[in-house]
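Inspection log for the structure reproduced underneath, given as structure tokens.
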Amino acid sequence: MKRFIITEEERKHIKSLYEQSNVVVSISGEQPYSNGTDWDLVHGILGSKRIDDDLEERVGIKLKEGSYRVTDVKVSSYVKGDKVITNGSVTLVPDNQNPDIAFTTRGSIGGDYSQRHDGQVSGLSDRLSTYYKGASRQFGPFEVTVQGTNVKYKQSFFAISKNPNQKNKKEILHNGNPTQFSTDLKNLGLIYNPEIKFRPGGVIVSYDAKGEKPTSLSFIYSNAGEKQKVLDKVKQSNTILNTVDYKINEFDGYIITISR
């Protein structure tokens, strides 16, 4: 039977997953139901510049308080007595790998609501991804009938996460000294999924911009004849997440091991 040894950082991470549970952010808004009902505010409780406290705002605040990912959105509207009530809720799941960093919504109500909604959200997901330098996901569109009336609205929600493919880049100058190069690279801190590209006078180090980072980063140097032997030995460890073998100038034999 294999034994798995975890680091102190791993233990803390596993503990945090148990301590941090799913969160449901919800809101309920009321508007007078009469001939003068402000229908824009009926669905405005989900997200509107005319309202200070809305669902969009509440979710945005929660995303800043911790590492969460939006997984579900629910919306309903109905008439009760002399009021129109709209309820909205968003489920957030703990996610330290690729958490959401922003949340927004667009919607239209009343005449031509569907076409107006579609015009609002056309191309919006791509614009949000570009603006936040992340990845946007759409929830909906939801076509909601205000129960007890013939009024309908169409609403879409967008969550934007850190892009797991986004790379941080750092250029390190070197003079062909393996020891100095290793020191300079270690000074970057803990990097994930490194990519090393040679260029005259230096190297470009690209690495994933992820929330969770490994706890150890080691460098091994051997001559060309021993390189494969060392690499094979390193790969036998259960703790290795990623191994990169690359060449820099005449020094053929650098091996990076990433573990946690």
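The values are calculated or read from the model by the stated rules, or taken from the named source; none is laboratory data. What you see is a predicted model; the values in this text were computed from it and never measured. Positions of Cβ are backbone-derived with ideal geometry, glycine not excepted, and every protein chain shown enters the neighbour counts.
Within region 62-78, the only residue that satisfies the criterion of being surrounded by fewer than 16 Cβ atoms within 10 Å (Cβ to Cβ) and farther than 20 Å from GLY47 by Cβ is GLY66. Here ARG69 clears all of (1) of a type in the set (D, E, K, R); (2) farther than 29 Å from ASN150 by Cα; (3) part of a helix (DSSP H, G or I) except the condition numbered (3).
Taking first residues from region 68-93 that are outside the structural domain of GLY29 (by TED's automatic domain parsing) and partners that are in a strand (DSSP E or B), no Cβ contact under 7 Å between residues at least 6 apart in sequence or on separate chains turns up. Filtering region 109-136 to residues that are in contact with a strand residue (DSSP E or B) (Cβ under 6 Å, 6 or more places away or on another chain) and either among the aliphatic types (A, V, I, L, M) or closer than 24 Å to GLY29 by Cα (or both) leaves ILE109, TYR113, SER114, ARG116, HIS117, GLN120, VAL121, LEU128, ALA135.
Given the criteria farther than 19 Å from ALA102 by Cα, at pLDDT 95 or above and either assigned by TED's automatic domain parsing to the domain that holds PHE158 or out of contact with any helix residue (DSSP H, G or I) (no Cβ under 9 Å at 6 or more places or on another chain) (or both), does SER34 qualify? So that I can check it myself, show each step before the final result.
Values: farther than 19 Å from ALA102 by Cα: yes; at pLDDT 95 or above: no; either assigned by TED's automatic domain parsing to the domain that holds PHE158 or out of contact with any helix residue (DSSP H, G or I) (no Cβ under 9 Å at 6 or more places or on another chain) (or both): yes.
No, not satisfied.
Which of the following residues is in a helix (DSSP H, G or I), under 22 Å from THR149 (Cα atoms) and touching a strand residue (DSSP E or B) at 6+ places or on another chain (Cβ under 6 Å): LEU63, LEU41, LEU46? So that I can check it myself, show each step before the final result.
Numbers: LEU63 fails: under 22 Å from THR149 (Cα atoms); LEU46 fails: in a helix (DSSP H, G or I).
Being in a helix (DSSP H, G or I), under 22 Å from THR149 (Cα atoms) and touching a strand residue (DSSP E or B) at 6+ places or on another chain (Cβ under 6 Å) holds for just one of LEU63, LEU41, LEU46, which is LEU41.
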